[in-house]
Every structure is written in structure tokens, then in C-alpha cells.
1. Can you name every residue in the range 85-118 that is within 13 Å of the chain's Cα centre (by Cα) and either part of a helix (DSSP H, G or I) or not β-branched (Val, Ile, Thr) (or both)?
2. Exactly one condition in (1) touching a Pro at 6+ places or on another chain (Cβ under 8 Å); (2) aliphatic (A, V, I, L, M); (3) outside any helix (DSSP H, G or I) is not met by Ala126; state its number.
3. Which numbered condition in (1) in a helix (DSSP H, G or I); (2) among the acidic types (Asp, Glu); (3) more than 30 Å from Asp265 (Cα to Cα); (4) out of contact with any helix residue (DSSP H, G or I) (no Cβ under 7 Å at 6 or more places or on another chain) is the only one that Glu153 fails?
4. Does the range 201-217 include one or more residues that are of a type in the set (Val, Ile, Thr), at pLDDT below 95 and surrounded by fewer than 19 Cβ atoms within 10 Å (Cβ to Cβ)?
5. Being surrounded by fewer than 19 Cβ atoms within 10 Å (Cβ to Cβ), of a type outside the set (Gly, Ala, Ser) and under 29 Å from Pro186 (Cα atoms) is the filter here; which residues of the range 239-297 pass it?
6. For the range 181-196, enumerate the residues that are closer than 22 Å to Thr99 by Cβ and either free of Cβ contacts under 8 Å to residues at least 24 places away in the same chain or not in a strand (DSSP E or B) (or both).
7. Does the range 173-180 contain any residue that is free of Cβ contacts under 8 Å to residues at least 60 places away in the same chain, surrounded by fewer than 15 Cβ atoms within 10 Å (Cβ to Cβ) and within 21 Å of Thr143 (Cα to Cα)?
8. Considering only the range 113-130, how many residues are farther than 14 Å from Leu77 by Cβ, crowded, with 18+ Cβ neighbours inside 10 Å and out of contact with any Leu (no Cβ under 7 Å at 6 or more places or on another chain)?
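The values are calculated or read from the model by the stated rules, or taken from the named source; none is laboratory data. Predicted model, so just to flag it, every value in this text is computed and none were measured. As a convention, Cβ positions derive from the backbone with ideal geometry for all residues, glycine included, and neighbour counts pool all protein chains shown.
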Amino acid sequence: MSQPLDAFTHNQRLGRGVNIIGYDPIWKSRAQARMQAKHFRLIREAGFNHVRINLHPFRFMGRAPEYPLDAEWLATLDWALAQCQENGLLAILDLHEFTAMAEDPIGLKPKFNAVWRQLAPRYQNAPAEVLFEILNEPNKALTPEMWNEYLKEPLAIIRATNPTRTVIIGPAFWNGIDFLHKLELPPDDRHIIVTVHYYHPMDFTHQGASWAVEHRDKSGVRWLGLAEEQQAIQGHFGGVQTWATAHERPIYLGEFGAYDKADMDSRVRYTSFVARQAERLGWSWGYWQFDSDFIVYDINQGRWVEPIRDALIPPASSS
């Protein structure tokens, strides 16, 4: 591993990013992959600085007690990291098994820890540009109190082989800003970036989304950028920044966006405003997501969704 970076410096280097390949068939078969090597180059050329690689390893693990990760799955991850390095992109290894962990945190704890018991030594000599995110969006049965206990073991596992690797950790309740004050981190570990996710107001950002039960039947909800709409976001972000300043932790906005069913003008206004507010506060951010839904790139058509891309990275700043 190269020289460790101060967490605040590292966060600045993360800059602008995008979530990738969480739901790509690439993990089952490289022959079926939607994401190709060229897409990493396109991401970098568009002006993004990092990718957050969403990992769902549980279904690719062998039996207890070791729960060995499938060799082909690991080879795909190696390939993705090689593409990042070749294209000058920082990479976050995001354990995205939040749904399973929310339903059975006790039963899955050995499997959860086994992921990091394997990934941490595998990538201990990777450059500092590779970051580890312990778990995306702990929620439901994985309560804030339980999460504060659960995060200690994988962090200790990581530190055994990666003592200065930058690790990303967020609060429970889906990395919600309202639960940031409940997050407890080891005070002496300063190689940590804190993440939050932001999708407020949900009636707008998740309208028509089939998985969002309370919002799936909503439609026609707009975000006009009115003063009160902007002030709501500024108030939420201001609260996060107050916490961050008090705890001396950098902030990574790991997910945000508005689902495809909202009108494009509203999505552009909202996406641009959230991204600029995060940048104004010195946060890094990762848009949800490159492909699948909320998309910024249409893989089927082989082209950027230009209004969303330009909202994230204004053309004048993409060079």
C-alpha cells in the first residue's frame, strides 16, 4: 500500500463519483456483463474522480465456517479494480448486503465478518486509492445501537492487515442524516470517512419506484428549486456539517439522486443543487447510479443521459 492519506485529503481526492455494477450480471458471468472496460474510461473522461463498487458477495460464498468467496467473483472484482487503476479512478469497495443484514443481522454476522476477513488481506497491498466501506445502509433489525457494536469487528479485522487504509462508515437507518448523531466511532481511528445518503423529499425522489412502498403510486411530483425546497436541503446538510465539525470527520455523500419517473427538468434541478451544496461544504459525493436505474449513462443506447451528467458535472468543470 502506498503512503496513507489524511482522511480529509483523501475525501477531497474522492471528489465526484458514481455508483457502479451493483446489479450488473457481470458478477454471475463476465460474458453477460453490461459494464465494459470502455465505461471506466468514459467515467473518467466525463470528470468523475471515483467509483463506488456495490458488492453483493453473500450468494457467491461457500459454506461455514470460512465462507470462502467464489474465485470467479473475486476475479471480476480484481478486473474492476484494475480498470479503476488504469483510468485514474479511486475505488470504494462497498459491501452492499444491507437488505440481508437488515433481516437477519445475528444469523449473518459470521458471513458479514468473513467477507472482510477475505477482502482485507487480499487488497492490503492495493494503493491508497482503494477504500473499504464496511456496510451500506444498515437498517431495520440492525438498529443504531446494534450497528455501533457490529462495526467494531470488521473494522478490527481490516486494521489487522490495513492499519492506515481509509474506511468509510455511516449511521444506521439507511445511512440517514437524522441518525448521524447516534453513530459511535473509535475516537483514535482517524482513517475514517463518514458517509450519509440523501433522498429527501422521498415523495419526489422515489415517486413511481416499485420497491418504495409508500411512494410507488406517486407521480407528477416536481422539484422546482423554490426557496423553501432549497432551504430544506441546506438545513439538513447544515446539521450534518455541524456534527462533522464537532467530531472532526470528513463527509462522503455516498448516494443521492431522483428516480427516472420524475420529470427531467426537476431531476436536473434537484441533482445539481444537491451536488453543489455538498461541494460547497467540502464533501465528496457518489451519484446513484451509473446503470440500472436513476441512470446517468444509458448502456443500451451507448450514451450519457446528458442532462443528468451535466447536472452532476457542469461542462465547464469537466476538464
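1. Of everything in the range 85-118, those that are within 13 Å of the chain's Cα centre (by Cα) and either part of a helix (DSSP H, G or I) or not β-branched (Val, Ile, Thr) (or both) turn out to be Leu90, Ala91, Leu93, Asp94, Leu95, His96, Glu97, Phe98.
2. Only one criterion is unmet by Ala126, namely (1).
3. Of everything listed in (1) in a helix (DSSP H, G or I); (2) among the acidic types (Asp, Glu); (3) more than 30 Å from Asp265 (Cα to Cα); (4) out of contact with any helix residue (DSSP H, G or I) (no Cβ under 7 Å at 6 or more places or on another chain), Glu153 misses just condition (4).
4. yes
5. Gln241, Thr242, Trp243, Thr245, His247, Glu248, Glu279, Arg280, Leu281
6. Passing the criteria: Lys182, Leu183.
7. Looking for residues that are free of Cβ contacts under 8 Å to residues at least 60 places away in the same chain, surrounded by fewer than 15 Cβ atoms within 10 Å (Cβ to Cβ) and within 21 Å of Thr143 (Cα to Cα), one finds at least one in the range 173-180, hence yes.
8. Residues flagged as farther than 14 Å from Leu77 by Cβ, crowded, with 18+ Cβ neighbours inside 10 Å and out of contact with any Leu (no Cβ under 7 Å at 6 or more places or on another chain) within the range 113-130 amount to 2.
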